[in-house]
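Data first, discussion second: the structure below is written as structure tokens.
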Amino acid sequence: MAAVYRTHMSIIGDILSTTRDEAPDEAGASVTYLIRKANVSYGRLAKILETLVQQGLLEQTTSERACKYRISSRGREFLQAYRGFREFADSFGLRI
């Protein structure tokens with residue numbers, strides 16, 4: 001059976017979904033939580049989080065204990081459009 005690899009976009013979708021639906025508290029999801037839930041290495045996750053914060057898709061809050069991430073309203077719009085496009089691509093047998 002061939003291994004199925006996730007695309008960069010599907011990893012971003014997983015991160016945004018996790019921060020929207022599964023964050024353990026209102027402050028958001030920690031890096032450790034995102035590593036487990038999105039199944040991504042720390043190095044890759046750190047780069048993606050930096051980009052998502054710069055693009056305004058995630059909001060970063062910092063306390064004395066840890067950085068936490070929450071999806072922004074712009075991130076919610078992006079996630080909705082991404083899911084719609086993914087369904088459209090799937091209907092043609094394409095994987096994004």
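Legend: Rg and Dmax of the chain, from Cα coordinates, 13.9, 48 Å.
Note the full-extension length gain between Ile35 and Thr7 as 0.36 nm times their separation in residues minus their Cα-Cα distance, in nm to one decimal.
Details: separation 28, 0.36 × 28 = 10.08 nm, distance 1.62 nm.
In short, 8.5 nm is gained.
Scan the chain and hand back the longest stretch that contains none of the chymotrypsin sites (Phe, Trp or Tyr not before Pro) lying in DSSP loops with at most 10 other Cβ atoms within 10 Å.
Details: sites that count: Tyr5, Phe92.
Answer from the scan: 6-91.
Taking the chain as a Gaussian network of alpha-carbon nodes connected by springs under 10 Å, the highest mean-square fluctuation of the residues Glu59, Glu26, Glu50 belongs to Glu26.
Compute, for the chain, the length of the dipole vector about the Cα centre, with Cβ point charges of +1 (Lys, Arg) and -1 (Asp, Glu) only. Units Debye, rounded to 20. Could you put the intermediate results ahead of the total?
Values: 14 positive and 11 negative charges, 49 e Å.
Dipole of the chain, to the nearest 20 debye: 240 debye.
Obtain the nm distance between the two label points defined at Glu77 and Arg95 by a simple spin-label model: each point lies 7 Å from its Cα along the Cα-to-C-beta direction. About 3.1 nm, to one decimal.
Quick note: the coordinates plus some simple rules give every number you see, no bench work behind them. Just so you know, these numbers come straight off a predicted model, no measurement behind them. Heads up, the Cβs are rebuilt from the backbone with ideal geometry, glycines too, and the neighbour counts pull from every protein chain shown.
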